[in-house]
Amino acid sequence: MTKVHPKFQNTCEESLCDSKEAVVLTVWKKSLLFNCDGFTVYNSNGELVFRVDNYMNCPKDNIVLMGASGLPLLSIRRKKLSLGDCWMVYDGETQGDPLFTAKKNVSIMTNKRSLVSVSSKKTVLYEIEGSYSQRSCKILDERRNKKKTAEIKRKEAMVGGVSFGKDVFKLIVEPEMEPRVAMALTIILDQMYRY
């Protein structure tokens, strides 16, 4: 049977943030807890890196991205009373100023391919292009001339080319971006484009 997180050559150092190479993460849209909705994220060695556990009956307006040990890394909160779909990301479980804000692009008048615009204090940081429903997205750094800093791709089995479907996919994070930020943006995409 094909594993969700097969062991293959290591593409990251001991610490995800200190890597000089791209970090390849396997994202499984399934919580580790029974009767929960969420994500389980593994590194290339099959070790748990991130997790998100949301109880089925709870509103999805406040999502906590946790490390493998369960400590909160980032809080993702839907902005109330905003025009359009807007999410704010905070460090840990703090209530202060958000690290950044992600807003869904819904303009039908422009030819813009961007799904989401990510900004901090009115400065655009990233644009996300592609199709989340097809698990084919690129996160482009606006400050670095639209350089690709992360990518969401479908995951295929190492043997036989079998596809895992839309619940298991790869998140490839370049060294210029923190993996926790890339995962937070993936969670926001899932909330915005889940249906």
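Here, each number is a calculation from the coordinates, and none is a lab measurement. Every value quoted in this text rests on a predicted model; they were computed, and no experiment measured them. Heads up, the Cβs are rebuilt from the backbone with ideal geometry, glycines too, and the neighbour counts pull from every protein chain shown.
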Qualifying aspartates and glutamates (Cα of each under 12 Å from Cα of K29; at least 8 residues distant if same chain): D37, D53, D167, D190
Segment R77-K60, length gained on full extension (0.36 nm per residue, minus Cα span): 5.3 nm
Where labels lie 7 Å past Cα in the beta-carbon direction, separation of Q95 and T123 in nm: 2.8
